[in-house]
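Notes follow the structure.
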Amino acid sequence: FVFYGGGVHVHSNKLYSTSRYGPPSHPLIGCLIAFYENRYRLLDWYTDLLAQSPTQTIVVERLGAPRTIVTANPENVEYMLKTNFNNFPKGKPFTELLGDLLGSGIFNVDGKSWRTQRKLASHGFTTNSLREFVVTALEEEVETRLLPTLEKAMESNEVIDLQDLLRRFAFNIVCKFSLGIDPGSSNDTTSMQLIHPLAKAFDMAAMISARRGAEPVFLVWKIKRYLNISSERELKEEIDHIHEAIMEIIKNKKKAINEEKGENASDLLAQLILAGHDEDYIRDMVISFIMAGKDTTSAAMTWLFWLLSLHPHIENNLRKEVTRVSNGNERFLDYERLKEMEFSKACLCEAMRLYPPVAWDSKYAGVDDILPDGTLVRAGDRVTYFPYGMGRMESLWGKDRLEFKPDRWFIEPDKEENGELKNVCPYKFPVFQAGPRVCLGKDMAFLQMKYVVASVLNRFEIRPVGSDQPVFVPLLTAHMAGGLKVRVQPRSGT
């Protein structure tokens, strides 16, 4: 039956609402005009629309694109990512967007292929692997490259781009873990000036792939790909370069494994080879892991350093934690001590709440469905959960939602030192996804970020040049437009 006055229907014994909140829409073209007008501020536009919706959910329809439901409602997020997980896969439209770059890698597949890769990958993220990672690759990269580079910038009073430095750092780390190679190696081991060509190719390919989804008319990129023109031609060239480089690395790794008879095969690539997978499968899986780890942690740290520069008292509290945990030891950042750094974790979570490394993520409905807030979902609809907007919802975080306040993550906010962190619902804070697809590298990411932030703040003060508000750019992973230009100063009192 139907309650006509209230716009409430019954479908499959479930109530849903036909009320639609979203951008102004017109026959045939949908919201294309409003979408085009707001194309340079999509995140804040969607956030404003979601804040006006009673359910924090909107429906977006535009010419050439699937009907899209965007939600900042944690109940809907949990339903998508956990309760009815099987009805919300990545879906063909999403895999088409990233298929040329990611192929059949774990982040671009569903069903049996995803489960197989997930099980295989999970073996690489054990506690032992994390500890070994922290004390070897991470320590070496920080001590022999990152800190000396900052030291040199401090001595010369040079302005450097901290975001670029951290991105190169993260790329080196993920290559060590995934490929067992050091892309930043050179005769001068105390600098990070060598930018591996592979990193440039990844950056360009990721940017073009992300822009596919932002085209006002969804079919534009497909036409350009068919004609092999413009950005699509450039994308193909970059992907060809990535494939050639990865395949060469695979061949070299196979040769090394045969010569060493499987010894020292601790990296992900070696494990995949020893498991007997074919080269295309290995290539796609490795590409997915590089994409996942290349820019996410560097983005989070970049925004944190900027936020700390605006809040000296918070930076001071973080340094106090570093001093307390180190207890005067030179090698203080071992695995157990990193786990103790709860205020550092709160600062990182707060930075990612405001500036999530992945601003939004989409699934596609397999069959007709109804979200917990009553929104009707049709088979084939794109359903997007929106971490950027969720971090700005007053209903979730209160009136001070736009403020940088790490103490909101503690059970007792006035007891940050030795305080206990809240168990925040992952569907309220889905920056690492949640449910069956929750990020396998979550713990590793926190360890890496804690290590870097603590190491830098233990020696230096990072001070941005200029006072303009940075611009948040949401590609496959978000970044700060133009980078973060800073001067490096000695830590006060040292």
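The values are calculated or read from the model by the stated rules, or taken from the named source; none is laboratory data. Owing to the predicted nature of the structure, the values given are computational and were not obtained by experimental measurement. Neighbour counts run over all protein chains shown; Cβ positions are idealised from the backbone, glycine included. Just the protein is used for accessible areas: all its heavy atoms, side chains included, with ligands, DNA and RNA removed. Shrake-Rupley method; radii C 1.70, N 1.55, O 1.52, S 1.80 Å.
Restricting the search to strands (runs of 3 or more DSSP E) fully inside region 13-100 and requiring at least 1 residues that are out of contact with any Phe, Trp or Tyr (no Cβ under 9 Å at 6 or more places or on another chain) and open to solvent by 70 Å² or more (accessible area, probe 1.4 Å) gives 14-17. Scanning region 450-491 for residues that are more than 29 Å from Ala206 (Cα to Cα) and touching a helix residue (DSSP H, G or I) at 6+ places or on another chain (Cβ under 7 Å) yields a count of 10. Pick from region 433-464 the residues that are over 22 Å from Phe88 (Cα atoms) and in contact with a strand residue (DSSP E or B) (Cβ under 8 Å, 6 or more places away or on another chain): which of them is surrounded by the most Cβ atoms within 10 Å (Cβ to Cβ)? Of everything passing the filter in region 433-464, Val456 is surrounded by the most Cβ atoms within 10 Å (Cβ to Cβ). Restricting attention to region 406-432, the residues that are buried (at least 18 other Cβ atoms within 10 Å of the Cβ) and within 21 Å of the chain's Cα centre (by Cα) add up to 9. Which condition number does Lys399 fail, the rest of (1) out of contact with any Ser or Thr (no Cβ under 8 Å at 6 or more places or on another chain); (2) open to solvent by less than 20 Å² (accessible area, probe 1.4 Å) being met? Among (1) out of contact with any Ser or Thr (no Cβ under 8 Å at 6 or more places or on another chain); (2) open to solvent by less than 20 Å² (accessible area, probe 1.4 Å), the lone unmet condition for Lys399 is (2).
Within region 30-53, if we keep just the residues that are farther than 20 Å from Pro74 by Cα and in contact (Cβ under 8 Å) with a residue 40 or more places away in the chain, the residue that is nearest to the chain's Cα centre (by Cα) turns out to be Leu42. Applying the set (1) of a type outside the set (Ser, Thr, Tyr); (2) farther than 30 Å from Tyr388 by Cβ; (3) part of a helix (DSSP H, G or I); (4) open to solvent by less than 60 Å² (accessible area, probe 1.4 Å) to Leu308 leaves exactly one unmet item: (2). Among the residues of region 465-487, the one identified as over 22 Å from the mean Cα position of the chain (by Cα) and open to solvent by less than 40 Å² (accessible area, probe 1.4 Å) is Val486. Assessment of region 175-185 against the conditions (modelled with pLDDT of 90 or more and surrounded by 23 or more Cβ atoms within 10 Å (Cβ to Cβ)) yields no matching residue.
The test for being over 19 Å from Tyr355 (Cβ atoms), among the hydrophobic types (A, V, I, L, M, F, W, C) and touching a Lys or Arg at 6+ places or on another chain (Cβ under 9 Å) holds for Val465. Taking the criterion of being within 29 Å of Tyr335 (Cβ to Cβ) and modelled with pLDDT of 95 or more, the only residue of region 462-483 that qualifies is Ile462.
The conditions of being touching a helix residue (DSSP H, G or I) at 6+ places or on another chain (Cβ under 8 Å), aromatic (Phe, Trp, Tyr), open to solvent by 20 Å² or more (accessible area, probe 1.4 Å) and modelled with pLDDT under 90 are met by Phe107. For region 261-287, the tally of residues that are open to solvent by 80 Å² or more (accessible area, probe 1.4 Å) and modelled with pLDDT under 85 stands at 3.
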